[in-house]
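J.: The structure is given below, and queries will be raised subsequently.
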Amino acid sequence: MHVVVCVKAVPGSTEVKMDPKTNTIVRDGGQAVINPFDASALETALRIKDAAAEPADVRVSVLSMGIPATADLLRDCIARGADDGLLLSDRAFAGADTLATTYALSRGIEALGGADLILCGKMAVDGDTAQIGPELAGTFEWPCATDVVEVRGLEPMCTCVRANIDRGVASLAVPLPAVLTVSKDIADLRMPSIAGIMAAETVSIEVLDAKRSASDARRIGLSGSPTQVVRSFVPDRADGAVTVPGDAAEQACALAQLIEGMSL
């Protein structure tokens with residue numbers, strides 16, 4: 001059983017820098033952390049391995065796309081129990097939207113030898129799109145369960161999960177191979193062991209550029225992204241307040257005038 005966990009490096013600070021030309025986040029790796037939802041996905045994969053009759057029969061790979069410094073985050077995942085990691089890193093990948101990112105990740109999964117189960121966090125805290133998991137499922141034409149809150153069992157042909165839906169929580173039997181996106185509350189990522197830290201220090205993270213991953217240049221990066229951010233900005237915050245006197249009708253009129261006078 002091969003479980004691939006897709007992880008993303010996200011800013012570890014609320015002070016985010018934006019590239020004024022591309023309207024994308026500047027990722028210098030200085031304060032990057034693993035996306036919290038992806039950390040929960042990794043712990044889910046590690047628990048699947050722990051629960052196996054023969055843990056050695058379950059391989060957990062971590063996959064990411066990012067700058068070279070992201071390799072350190074993948075090494076940290078290995079210290080916590082993952083078996084190996086692969087990083088897609090090339091300036092040609094920069095500025096990708098979710099569709100271009102999904103395509104690049106699919107090339108990475110193929111480079112890892114394919115997967116029986118792909119785990120992703122429900123969303124990334126820096127984008128909130130929640131699109132990567134379902135798009136990967138669409139790419140491979142696999143079934144997909146989103147916002148999973150519990151993995152109850154994993155069999156050779158299917159996995160049983162509980163997932164949030166509009167009307168509550170549903171119990172699902174999902175045929176394998178499949179893609180699952182998990183809730184952040186499904187599990188807290190374990191701490192690395194001393195042995196894991198020592199082992200991870202000697203692990204070489206495989207890094208693939210666009211050419212080595214056999215990626216189509218027309219489908220990656222900013223130029224391969226059908227959607228692009230038109231404008232991004234950090235909203236100005238002010239401490240001032242305005243008191244609106246009068247009865248309800250007078251307050252409504254005064255509020256409407258205030259809103260009309262605001263610059264958007």
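Read-outs: derived from the displayed coordinates by stated rules, not from any lab. On a predicted model such as this, the values are computed, not experimentally measured, just so you know. Backbone-built Cβ (ideal geometry, glycine too); neighbour counts: all protein chains shown.
J.: Using a simple charge model, +1 on the beta-carbon of Lys and Arg, -1 on the beta-carbon of Asp and Glu, nothing else, what dipole does the stretch 2-219 show about its Cα centre, in debye to the nearest 20?
T.: About 280 debye.
J.: So, one more: Based on the Cβ-Cβ distance from VAL125 to ILE197, what FRET efficiency comes out when R0 is 22 Å, to the nearest 0.05? Can you show the working numbers first?
T.: Working: r = 26 Å, r/R0 = 1.16.
Working from the Cβ atoms, E equals 0.30.
J.: If you don't mind, another one. If I stretch the segment between LEU176 and THR227 completely, what's the gain in nm (0.36 nm per residue apart, minus their alpha carbon distance), one decimal? Don't skip to the end; give the middle numbers.
T.: Working: separation 51, 0.36 × 51 = 18.36 nm, distance 3.09 nm.
The span from LEU176 to THR227 would gain 15.3 nm if fully extended.
J.: Between VAL149, VAL230, VAL33, where does the largest GNM mean-square fluctuation fall for the chain, given springs only between Cα atoms within less than 10 Å?
T.: VAL230
J.: Taking Rh as the Kirkwood radius computed over C-alpha pairs, what is the Stokes-Einstein D of the chain at 25 °C in a medium of viscosity 0.890 mPa s, expressed in µm² per second?
T.: Details: Rh = 20.1 Å.
So the translational diffusion coefficient is about 122 µm²/s.
J.: So what's the angle, to the nearest 10 degrees on a 0 to 90 scale, between helix 36-51 and the longest Cα principal axis of the chain?
T.: On a 0 to 90 degree scale, this one is about 20.
J.: Turning to a different aspect of this structure: Could you work out which residue, out of GLN251, GLN228, GLN131, moves most in a Gaussian network model of the chain, that is, has the largest mean-square fluctuation with Cα springs under 10 Å?
T.: Looking only at GLN251, GLN228, GLN131, the biggest GNM fluctuation is shown by GLN251.
J.: I need the calculated FRET efficiency for the pair ASP239 and ALA111, taking r as the beta carbon distance and R₀ as 45 Å, to the nearest 0.05.
T.: Working: r = 52 Å, r/R0 = 1.15.
That pair, ASP239 with ALA111, gives E of 0.30.
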